[in-house]
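Student: Got a structure for you, questions after.
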Amino acid sequence: MLTLVTGVTGKVGERFAPRLLQWGAPGDEVRVLVRDEAKGAPFAALGAQVAVGDVREEQDVRKALAGVDAVVNVAAAFRGVPDEEAWAVNRDAALGLARAALDAGVSRFVQVSTNLTYGLGRGRPLVEDDETVPGGEMWGAYPASKAEAEQGLLELHRERGLDVRIGSLSFVYGEGDPHLADSLRWAGQWAAHQRLQLVHHADVARALLRLLTAPGVAGRKYNIVDDAPVTAVDLHRVNGVPLPEGMADRTDPDPWFGVCSNARLRAELGWRPLYPTLWTALDAGAL
């Protein structure tokens, strides 16, 4: 199987692609799509094919898809980019890639998404069949564009038979990723008990591999999250930062915001996290 992976220069993709190369069966190959050939060199050194192009450019995409059996679309534009870029990459490019994949005869399409697409909390852990309810402090072009991409891909599944599988990631951390430190930009303003759902990079990669290889799951979405959200207090402590004054007096406007169930991923694909909690990863030296 030849698998095309996009977004390999981002935090998730740069950790997933080497694992996919390592875990592949004999004869399996991986092709990465990068805008700059030099950024593809580390993956080429590991044995990947390198296609140079932009996921937003149809001609580049169709060239990269030649001979491909499966796609893992990790490409995303989020913090710090203009809204129009977020929409262009997260929705338009994802749907363009999927349509081109159908035309090229690609058999499977894995879309990497975010748990922020659910929007507001529901007073319980979010599940994959919950519809988007826009709102909350983190709502904006990134989750909105990812939500529309999910809807469009599922329409392509229903109307044209796209074998799409959606992996919805919570806040990803581990293996030197600065996300945990970045989290204090928000958590520093939160109530002490306000929670953030996490997932370790190692567990993301293992889940995406299962989405890629599992039979009979076309049109399914899976929450890729760990077992225990952490509080704003936890995030400060693990970063070695003193708690802000007044944190204990603040209230959480939406106590279930972003908190998701991973029961479907466990039950249907047999996934179990290597790092069920932040503390497990801390003890293992995997931050």
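The values are calculated or read from the model by the stated rules, or taken from the named source; none is laboratory data. Owing to the predicted nature of the structure, the values given are computational and were not obtained by experimental measurement. So basically every Cβ, Gly included, is an ideal-geometry build from the backbone, and we count neighbours across all protein chains shown. In case anyone asks, the SASA skips ligands and DNA or RNA and just uses the protein heavy atoms, side chains included. Shrake-Rupley method; radii C 1.70, N 1.55, O 1.52, S 1.80 Å.
Student: Under 5 Å between amide H atoms, partner at least 5 residues away or on a different chain: which partners does LEU120 have, H built in plane at 1.01 Å?
Tutor: Distant-sequence amide H within range of LEU120: VAL133, GLY135.
Student: While we're here: Rank by packing, highest mean first: peptides 57-63, 15-21, with packing defined as the count of other Cβ atoms within 10 Å averaged across residues.
Tutor: 15-21, 57-63
Student: Could you point to the residue in ALA263, ALA64, ALA38 farthest towards the positive end of the chain's charge dipole, with +1 and -1 charges on the Cβ of Lys/Arg and Asp/Glu respectively?
Tutor: ALA263
Student: So, one more: Any idea what angle helix 94-103 forms with the longest principal axis of the chain, computed on alpha-carbon atoms, 0 to 90 degrees, nearest 10?
Tutor: 30
Student: Report, to the nearest whole %, how much of the accessible area of the stretch 214-287 belongs to carbon and sulfur atoms, 1.4 Å probe, protein only.
Tutor: 54
Student: Could you provide, to the nearest whole Å², the per residue accessible area of the stretch 2-284 with probe 1.4 Å?
Tutor: Details: 12160 Å² over 283 residues.
Normalised by residue count, the accessible surface of the stretch 2-284 is 43 Å².
Student: At 0.692 mPa s and 37 °C, plugging the Kirkwood radius over alpha-carbon pairs of the chain into Stokes-Einstein gives what diffusion coefficient in µm²/s?
Tutor: Value of D from the Cα-based Kirkwood radius: 170 µm²/s.
Student: Now a separate question. Taking θ = phi - 60°, what integer Hz values does the Karplus form 6.51 cos²θ - 1.76 cosθ + 1.60 yield along the stretch 6-17, in sequence order, with x for Gly and Pro?
Tutor: Residue by residue, the stretch 6-17 yields 9, x, 7, 8, x, 4, 6, x, 5, 9, 6, 4 Hz.
Student: If amide hydrogens are placed 1.01 Å from N in the peptide plane, which non-local residues have theirs closer than 5 Å to the one on SER168?
Tutor: SER113, TYR222, ASN223, ILE224
Student: Report, to two decimal places, the Cα Rg of the stretch 81-159 normalised by 2.2 N^0.38 Å (N = number of residues).
Tutor: Relative to the 2.2 N^0.38 Å estimate, the stretch 81-159 comes out at 1.17.
Student: Between VAL72 and residues 5 or more places away or on another chain, which pairs have amide H atoms under 5 Å apart, with H built 1.01 Å from N, and which residues are they?
Tutor: HN-HN under 5 Å from VAL72: LEU4, VAL5, THR6, VAL110.
Student: Please give the charge dipole size of the chain, origin at the Cα centre, charges +1 on K and R Cβ atoms and -1 on D and E Cβ atoms. Round to the nearest 20 debye.
Tutor: It works out to roughly 580 debye.
Student: With a sphere of radius 9 Å drawn around the Cβ of ASN223, what net charge do the other residues whose Cβ falls strictly inside it have (Lys, Arg +1; Asp, Glu -1)?
Tutor: +1
Student: Quick one: Cα centre-to-centre distance for the stretch 212-249 and the stretch 167-184, in angstrom?
Tutor: Taking the Cα centre of the stretch 167-184 as reference, the centre of the stretch 212-249 is 8 Å away.
Student: I've got another one for you. Which whole-number percentage describes the relative contact order of the chain, with Cα contacts under 8 Å and a sequence gap of 6 or more?
Tutor: Once divided by the residue count of the chain, the mean separation gives 17 percent.
Student: Let me ask another. Report, for the stretch 150-261, the % of DSSP beta bridges that are antiparallel, rounded to 5.
Tutor: Taking every DSSP beta bridge with both residues in the stretch 150-261, the antiparallel ones total about 25 percent.
Student: Note the angle between two axes, namely the Cα long axis of helix 141-160 and the longest principal axis of the Cα atoms of the chain, as a number of degrees from 0 to 90, rounded to the nearest 10.
Tutor: 40
Student: Something else about it: Output wanted: per-residue J couplings in Hz (rounded whole) for the stretch 84-93, from phi through Karplus 6.51 cos²θ - 1.76 cosθ + 1.60, θ = phi - 60°, x for Gly and Pro.
Tutor: So the J values, rounded to whole Hz, are 5, 5, 4, 5, 5, 7, 6, 9, 5, 5.
Student: Can you grab the distance from the C-alpha centre of the stretch 17-75 to the C-alpha centre of the stretch 118-151, Å, no decimals?
Tutor: 29
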